[in-house]
Every structure is written in structure tokens, then in C-alpha cells.
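Enquirer: Have a look at the structure that comes next, please.
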Amino acid sequence: MMNQEQLIHYSDYPGREPTYVFVHGFTCNETDFVNQVDHFRGIGHRVITLDLPGHGLSRDYIPKDLTMKSMGR
């Protein structure tokens, strides 16, 4: 769930370690990983997916310094 101040929408599916984090590429969103989520949840692992800024359910946000570091923040 995302509140007004969050820039990034994410889904966190509970489970045991290790945790798998899926980050999409250009023009995609977290739904691209439905098969991976189903697989890893099916065997009991924690999975996190997210929508980068301006994609899926994340807010449109383009930082002035659009760099890998700023996208990571």
C-alpha cells in the first residue's frame, strides 16, 4: 500500500529467507514478474516487487539528477 508521500509502489509478499527483489526495466511494471512471484511464493520465499517512478502504480517523479543512484533512492 502506498501513502501520499511515497514515490514508489511496492508489494511485499512474506516468506522465509532468502528474499527475492524484482526490479523491472523500461516501460514495464511489477506485474511483469507474476510468474516469478508465484514460483518463489509457492516454495515459501519472501518476494518484493516494485514499480519504478513513473511506472505502474508509482507516482510520476523525475529527479533533476536522473542517475542510477537517484533511481536507487
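Enquirer: Would you check which residues across the range 5-34 are outside any loop (DSSP other than H, G, I, E, B), of a type outside the set (A, V, I, L, M) and at pLDDT below 95 and list them?
Expert: Those that are outside any loop (DSSP other than H, G, I, E, B), of a type outside the set (A, V, I, L, M) and at pLDDT below 95: His9, Tyr10, Ser11, Phe22, Glu30, Thr31, Asp32, Phe33.
Enquirer: Suppose we keep only residues that are of a type in the set (Val, Ile, Thr) and closer than 23 Å to Asp60 by Cβ within the range 12-50. Which one would you say is least open to solvent (accessible area, probe 1.4 Å)?
Expert: Within the range 12-50, the subset of a type in the set (Val, Ile, Thr) is 19, 21, 23, 27, 31, 34, 37, 43, 47-49.
Pick out the ones that are also closer than 23 Å to Asp60 by Cβ and you get 21, 23, 27, 31, 48-49.
On the way: Val21: 84, Val23: 84, Thr27: 105, Thr31: 94, Ile48: 31, Thr49: 2 Å².
By that ranking, first place goes to Thr49.
Enquirer: So if I check each of Met71, Met2, which one is outside any loop (DSSP other than H, G, I, E, B) and modelled with pLDDT under 70?
Expert: Of Met71, Met2, the one residue that is outside any loop (DSSP other than H, G, I, E, B) and modelled with pLDDT under 70 is Met71.
The values are calculated or read from the model by the stated rules, or taken from the named source; none is laboratory data. Because the structure is a prediction, the values reported are computed rather than measured. Positions of Cβ are backbone-derived with ideal geometry, glycine not excepted, and every protein chain shown enters the neighbour counts. Side chains are part of the model used for accessible areas, which takes the heavy atoms of the whole protein and leaves out ligands, DNA and RNA. Shrake-Rupley method; radii C 1.70, N 1.55, O 1.52, S 1.80 Å.
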